[in-house]
Amino acid sequence: MQITILGCGSLGEALLGGLLDSGVAPGALRVTARRRERIAALAARHGVDASNDNRAAVSTADIVLLAVKPATAATLCPELADALTDKLVVSACAGVRLERLAEWLPRSRLIRAMPNTPARVRAGMTVIAPGPGATATDLAAAQQVFTAVGRCLELEEKHMDAVTGLSGSGPAFAFVVLEALADGGVMMGLPRDAALELAAQTLLGSAQLLLAEGRHPAALKDDVTTPAGCTIAGLLTLEDGGIRSVLARAIQEATKVARGLGD
């Protein structure tokens, strides 16, 4: 498959790096960006065809990944509508609904996607929702692209704003938690680099354990929580700080903003 990424910013480059790391040949990938220095950096760093010519970039593509900002998509898509006729367009534009995409690209096959930046290390989480014209083959092709850079799940489009708030914005929330855990280690005397490694591997391992065993997180938590132990003392401190409601509210607020991004 020839894949073009339109708007290769931080998310687009995360997908690009993950695809290359998974074994996709540089010659099968084309990317676009606006700034000349960004284009040069992408070409030098990844060895792919990079330009600011969106029309040329999509001309040979089997799959076009749209990774621009919503406001840019509103202008770019109608301009490229003829060039994207009969092509599979996978939109990662936060908040832009399939109904709006279909207005801009009436002759394209459409899928809406929300990947996240851990795709850069093949640990991404992507949710896809089928749109107008998308076939079972198209969905399989999108699954193939995104499973190359992590996990991929298909959901109805009505869930996509919540997906954006949870897994799209979630890495930023996870980094705050990770940094806070490391700060606690430093406060108790650990070197900063050791504290960061301990915190990062602890979060990574905990997530992998949950995914591998499929048990409820409360049950896994109880495995670590012995009577009168240090873990229960720490857990009660977290509950005193309202950590559950704070994290849940972060998802709620991010989802509210996501709903308005495509307007």
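Structural remarks
- Subset tally (residues that are among the β-branched types (Val, Ile, Thr) and surrounded by 15 or more Cβ atoms within 10 Å (Cβ to Cβ)) for the stretch 73-102: 3
- Positions within the stretch 42-69 being of a type outside the set (S, T, N, Q), open to solvent by 30 Å² or more (accessible area, probe 1.4 Å) and assigned to a helix (DSSP H, G or I), in sequence order: Ala43, Ala44, Arg45, His46, Arg55, Ala56
- Within the stretch 91-128, the set of residues being of a type in the set (A, V, I, L, M, F, W, C), assigned to a strand (DSSP E or B) and closer than 18 Å to Val149 by Cβ comprises Ile111, Ala113, Met114, Met125, Val127, Ile128.
Yes or no, residue by residue, for (1) touching a Phe, Trp or Tyr at 6+ places or on another chain (Cβ under 9 Å); (2) of a type outside the set (Gly, Ala, Ser); (3) closer than 30 Å to Met160 by Cα:
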site	(1), (2), (3)
His216	no, yes, yes
Ala219	no, no, yes
Val224	no, yes, no
Thr231	no, yes, no
Thr237	no, yes, no
Val246	no, yes, yes
Ile251	yes, yes, yes
Ala254	yes, no, yes
Val257	no, yes, yes
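- Of all residues in the stretch 103-114, those satisfying the criterion of being farther than 16 Å from Lys158 by Cα and open to solvent by less than 40 Å² (accessible area, probe 1.4 Å) are Trp104, Leu105, Ser108.
- Restricting attention to the stretch 24-43, the residues that are more than 16 Å from Ala142 (Cα to Cα) and touching a residue at least 40 places away in the same chain (Cβ under 8 Å) add up to 0.
- Residue match in the stretch 80-95 (condition: out of contact with any helix residue (DSSP H, G or I) (no Cβ under 6 Å at 6 or more places or on another chain) and closer than 29 Å to Leu166 by Cβ): yes
- Complete set of residues in the stretch 119-133 that are of a type outside the set (Gly, Ala, Ser) and surrounded by fewer than 19 Cβ atoms within 10 Å (Cβ to Cβ): Val121, Arg122, Pro132
- Elements of type helices (runs of 4 or more DSSP H) in the stretch 151-263, at least 2 residues being open to solvent by 60 Å² or more (accessible area, probe 1.4 Å) and under 30 Å from Ala67 (Cα atoms): 170-187, 192-213, 243-261
- Looking only at the stretch 134-149, and only at residues there that are buried (at least 20 other Cβ atoms within 10 Å of the Cβ) and closer than 30 Å to Leu198 by Cα, the one that is modelled with the highest pLDDT: Phe146
The values are calculated or read from the model by the stated rules, or taken from the named source; none is laboratory data. From a predicted model like this one, the values you see are computed outputs, not experimental measurements. A quick note on method: Cβ atoms are made from the backbone with ideal geometry, for glycine too, and the neighbour counts reach across all protein chains shown. For the accessible areas, the whole protein counts, side chains as well, though only heavy atoms, and no ligand, DNA or RNA atoms are used. Shrake-Rupley method; radii C 1.70, N 1.55, O 1.52, S 1.80 Å.
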